[in-house]
Amino acid sequence: MAEPLKDMYDEAFLRQFADKVLAVYPAFNQEAFVSDVLNDEWEQLQLKGRIRQISTVLGRHLPSDYMGALDVLYAICEQCSGFPYLFFPDFVEVYGGAEEHWELSMQALERFTTKSSAEFAVRVFLIRDPERMMRQMLAWASHPNEHVRRLASEGCRPRLPWGQALPVFKRDPSPLLPVLELLKEDPSLYVRKSVANNLNDIAKDHPDVVLQIARRWQGHHAYTDWIIRHACRNLVRQANPEALAIFGYAMSEDSAPIVISADLQARPSALEIGDSCRLEYAIQVQEGEPLHIRIEYGIDFVKSGGKTSRKLFLLSDKTVPGGSSLSGSRVHRFADLSTRRHYAGEHRIVLMVNGVEVANTAIDLRAAASE
């Protein structure tokens, strides 16, 4: 099993970083810095807690004036790139929130995001003064550096994973839309993915807003078409009629269902946690014109409290001739992951076509014999 991300911040990493600081700031007390970071609470801290611990302690060992501290970090930031250095923008969040530091903090976030990411640090500024901060995001959306342009979108996502939620934009996403408009044909896939994810966040609270954007953007540019398709992925999975229509999926009608017959089998139907089963499906679609269909299977995973939570897995997304017979199989392994733990019990499995359940089966998942 992979080591937890938080373990990348070990004593060796901290000493290596302290050496970089000392090289440009001779007054830096390396031993005190490392000792203060690795205090009695360190082992209990999770990833974000460790990032905050490093940035907070660092501020106590750098020059006391904010500009002086930033100068030290600027002197070494070219050597400090990648995920582990998220504590650079976090330092700005911790020490740069005062009104008199606004311009300095914006410059620092712009600079540090090119080396790691300031998407989490900007959120405290958005919460404190959303109008002013969105003007900054709009300016960043035209920046020549793709990392800064991505920050303009990623930083204001209403539901950014690992980040503080932004209730003001969950209620009213309209201030975000000018930024997304500027980035809708961005040449960087890194940026376009962020625009799509921002719209996907918005769709969870305001699906009509995103569907209206999708209709307006569709067909203008290949980049933008990719964005709206990715942005509406959950609406398609939910079989939202308008989303299905926008992307050309066939729609069932009472008099003419898309699927005439369907079957789903799980082999074996009884297994232990860690085992795999083969899911076999067969579908017969209606006669007539070609049909654009999305085939998925969903598993209602049993949770620790006995309730279930469905997860969907894509099998196929294509256009088929009317009257087609489709079949296939997929091996699914019921092994614990860092993002999902399995529990014993009956797991219902469903076959979905364009968001509509057409067949189902179940497996009996048991605890491993060694447990």
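What follows is calculated from the coordinates using simple rules that are stated; it is not laboratory data. Model, not experiment: these values are computed from the prediction. Here the Cβ positions follow ideal geometry from the backbone for every residue, glycine too, while neighbour counts run over all protein chains shown.
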- Task: For region 259-366, build the charge dipole from Cβ charges (+1 Lys, Arg; -1 Asp, Glu) around the Cα centre, then report which of PHE313, VAL285, ILE260 sits farthest towards its positive end.
- Result: PHE313
- Query: Dimensions of region 191-316 along principal axes (Cα, Å, largest first)?
  - Reply: 49, 42, 25
- Task: Please identify every one of the chymotrypsin sites (Phe, Trp or Tyr not before Pro) in region 1-59 that sits in a loop by DSSP and has no more than 12 other beta carbons within 10 Å of its own beta carbon.
- Result: none
- Highest GNM mean-square fluctuation, the chain, Cα pairs closer than 10 Å: which of SER194, SER64, SER105? SER64
- Task: List the chymotrypsin sites (Phe, Trp or Tyr not before Pro) within region 109-210 that fall in a DSSP loop (any state other than H, G, I, E or B) and whose Cβ has at most 11 other Cβ atoms within 10 Å.
- Result: TRP162
- Candidates LEU244, LEU180, LEU337; GNM for the chain (alpha-carbon contacts under 10 Å) flags as most fluctuating LEU337
- Query: Where in region 252-308 are there GluC sites (Glu not before Pro) that are in a DSSP coil and have at most 15 other Cβ atoms within 10 angstrom of their Cβ?
  - Reply: GLU287
- Query: Hey, got the dipole for region 5-246? About the Cα centre, +1 on K and R Cβ, -1 on D and E Cβ, debye to the nearest 20?
  - Reply: 1060
- Once the dipole of region 5-246 is set up from charges on Cβ (+1 Lys and Arg, -1 Asp and Glu), the residue from the list TRP102, TRP42, HIS206 lying farthest towards its positive end is HIS206
- Item | Debye, to nearest 20: dipole size of region 259-366, +1 on Lys, Arg Cβ, -1 on Asp, Glu Cβ | 480
- Which of the lysines could a cross-linker span from LYS193 if the Cα-Cα distance has to be under 16 Å and same-chain partners fewer than 8 positions apart are dropped? LYS184
- Message: Could you work out the relative contact order of the chain? I mean the mean sequence separation of Cα pairs under 8 Å and 6+ apart, divided by the number of residues, in percent.
- Response: 9
- Run down the lysines and flag those whose C-alpha is under 22 Å from the C-alpha of LYS303, throwing out any fewer than 8 positions away in its chain. LYS311
- Message: To make sure I understand the rule: partners must be aspartates and glutamates, Cα under 16 Å from the Cα of LYS170, and not fewer than 8 residues away in the same chain. Which ones qualify?
- Response: ASP129, GLU131, GLU154, ASP201, ASP205, ASP208
- Item | Whole-Å semi-axes of region 259-366's equivalent ellipsoid (Cα gyration tensor) | 28, 13, 11
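With a 10 Å Cβ neighbour count serving as the proxy for reagent exposure, in which order, fewest first, do THR56, THR113, THR224 appear?
With the fewest neighbours first, THR56, THR113, THR224 line up as THR56, THR224, THR113.
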- Item | Which of ARG123, ARG157 has the fewest Cβ neighbours within 10 Å, and the rest in rising order | ARG123, ARG157
- Helix 66-76 versus the longest principal axis of the chain: what is the Cα-based angle in degrees, 0 to 90, to the nearest 10? 70
- Query: What is the Cα convex hull volume of region 5-246 when expressed per residue in Å³?
  - Reply: 126
- Item | Cα centre as origin, Lys/Arg/Asp/Glu Cβ charges: region 100-212 dipole, Debye | 260
- State the antiparallel share, in %, of DSSP beta bridges confined to the chain, rounding to the nearest 5. 95
- Message: What percent of all Cα-Cα pairs in region 94-148 falls into each 5 Å bin, going from 0 up to the bin containing the maximum distance?
- Response: 4, 19, 34, 29, 11, 3
- Query: Add -39500 (n - 2.57) for each DSSP H run of 4 or more in the chain, then divide by its residues: what number comes out at 222 nm, to the nearest 500 deg cm²/dmol?
  - Reply: -12000 deg cm²/dmol
